[in-house]
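Please treat every number below as a calculation from the coordinates, not as lab data. Quick caveat: nothing in here was measured; it's all calculated off a predicted structure. All Cβ positions, glycine included, derive from the backbone under ideal geometry; neighbour counts span all protein chains shown.
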Amino acid sequence: MKKKDAKETVEKAEKPKKKLFVKKEKVVKEKAVKEKAVKEKAVKEKVSADKLAEEAAPGGKKEKKRWPAWKKAVVICAAVIGAAIIVVGGLWINAEVNYNKAVELVEAEDIADADESLQRVFSFYKDAPELRTYISAMYYEDAQKFDNAKKVYGGLGEYRDAAQKAIETDYAHANQLLDSDKYDEAKALFVGLDDYSQAKAMAQECDYRKATVWLDDEDFESARVFFKSLGDYKDAQDMILETDFRETVTWLDAGDFKEAKRGFEKLARNGLEKAEEMVLESDYRKALELIEDAKWIPAMLTLEKLDYKDAGDQLTNAKQGLFNQALGEFDRKQYTIARVNFDRIAGFKRSVEYVELCDLLEQADNFAVPKDEKNEWPNGLTRIEYDRLVSFAGDLIEMEDFVLKDAAIHYFLIGNWDGPGSKMMRMKIKGDSWRITHRMPQFFSGYFDFRDGVCYIFKKDKYDDGKDTWRFTYIDDDTIEIYCFKDEKTYTMKRD
């Protein structure tokens, strides 16, 4: 009976237990409870055995058999030790399960769960201390505290892949520095990693990104030096052209159109397609600045060769500017320069007519004194030219603007003019000569010339001894006023 009960006790202890993850205090408490239960069961079994022995005694009376004290102690100790072995065995099995799980989670880089599993493992179990240190390094690495992670990995020596993880930590740290634009620090780490992974290429990437920063900051010389040092890395050679391009754009923006155009032309020859358009842009901006500065002719010369953007409209603006300038010169009687400018835009508005008008008015202003007794004026206006001037009157010019000019007044005065009383004046052409008959006060008779609307009379071969005799004022096409210097009176004359 005792063997059977003991066997049942062992079988019950060996039944699979539900796996529980408890702290050390809970395990101790559970152990005490189990020990108490074992003691109580042992006492019950002894009482049961004594009862059976008493029932089997002669005379029908149960004879109670008494055990020595030492046997009782042995039985109790055996029971306690058995229970302890069962408990410790269960704990050891739990430690193995949690350890293996922690290892799997570490390999899967599930740091938090690996750490939690390892907390359920004895601190002295297998390599648990080193594994805990390894997991702490993983925590540092995950938090991007690379210096700490590298230090911990390095302290683990050849444990697991700690040495390799130290290298990987440097690589990750270098990439973090690169992404943080700390190019020099990142490059130093990549260079130290030598042939690991893409370390050499990433060291070049540091220089590449640094060069692009210089480029964006318009430090073109530094950017150019670094791009050249990169050889065939990525598009470094193209970025050299891009650097030259952006520097040339700054020249353009600064208004150095000549140098900018040269730079873009060189880049275009080197195969940079977008530079071709910038050659045109250089001329275009130059023309706009010339227009803004009212330098119409240079602007026109540039725009006339340019088929770009609204160059045609800008050319029209430049021509209008020059046209307005020429009109101002015309109004100021600067006929020579006005003619040049009108002629430059011949075909624009009425420039051609103004060119002709300038020629006629310039001739009318430069009327020469007579050279011989026939009173010929070789540089004067012909009647046809005068009539052409008149045709512009009321449109491009007013009669009063030219009829009293030296070479025009005698054509205007041709005919009969009647004044108050017997005052009269007749202007006519006889052959190649001009004749004036009149009844007006004068100093003496002789030859005449017109100077700025004044009739100047002089003796033959004595031009310098002549006198201003009459001053003419235009009122309208059929009315004039004549001021006589001799009697100092003004007479109004009407065309007959």
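Quick notes on this structure:
- Placing pseudo-labels 7 Å out from each Cα toward the beta carbon at Asp310 and Glu109 gives an inter-label distance of 5.8 nm.
- Distance histogram in 10 Å bins (all Cα pairs of region 295-365, percent per bin): 22, 48, 22, 7, 1
- Low-density loop positions, trypsin sites (Lys or Arg not before Pro), region 396-489 - DSSP coil, at most 10 other Cβ in 10 Å: Lys460
- Cα centroid separation - region 233-249 against region 451-496, whole Å: 80 Å
- Annotation: amide H-H contacts under 5 Å for Tyr491 (H modelled 1.01 Å from N, sequence separation of 5 or more, or interchain): Ile482, Tyr483, Cys484.
- Paramagnetic label zone (point 7 Å from Cα along Cα-to-C-beta, Asp476; backbone N under 16 Å) in region 385-413: 394, 399-400
- Residues whose placed amide H lies under 5 Å from that of Tyr463, excluding near-sequence neighbours: none
- The HN-Hα couplings worked out from phi for region 387-393 by the Karplus form 6.51 cos²θ - 1.76 cosθ + 1.60 (θ = phi - 60°) are 4, 5, 4, 4, 5, 7, 4 Hz, whole numbers, x standing for Gly and Pro.
- Ordering of 162-171, 223-232 by burial proxy (mean other Cβ atoms within 10 Å per residue, highest first): 162-171, 223-232
- Gln334 versus Phe443: modelled label distance in nm, points set 7 Å from Cα along the beta carbon direction: 3.7 nm
- The length gained on full extension between Ser222 and Gln119, counted as 0.36 nm times the residue separation minus their Cα-Cα distance, comes to 31.5 nm.
- Residues Phe348 and Asp232, FRET efficiency given R0 of 51 Å [Cβ-Cβ distance, rounded to 0.05]: 0.35
- Full extension of the chain between Arg426 and Ala393 yields a length gain of 9.5 nm, computed as 0.36 nm times the residue separation minus the alpha carbon distance.
- Distance between region 121-186 and region 288-331 - C-alpha centres, whole angstrom: 72 Å
- Region 195-212 - phi-based ³J(HN,Hα) in whole Hz, Karplus 6.51/-1.76/1.60, Gly and Pro as x: 8, 5, 6, 9, 4, 5, 5, 5, 5, 5, 4, 4, 5, 4, 5, 5, 5, 5
- Paramagnetic reach from Asp194 in region 152-177 [backbone N under 17 Å; point 7 Å along Cα→Cβ]: 163-171
- Note, ³J(HN,Hα) from phi for region 271-278, Karplus 6.51, -1.76, 1.60, rounded to Hz, x at Gly and Pro: x, 8, 4, 5, 6, 4, 5, 5
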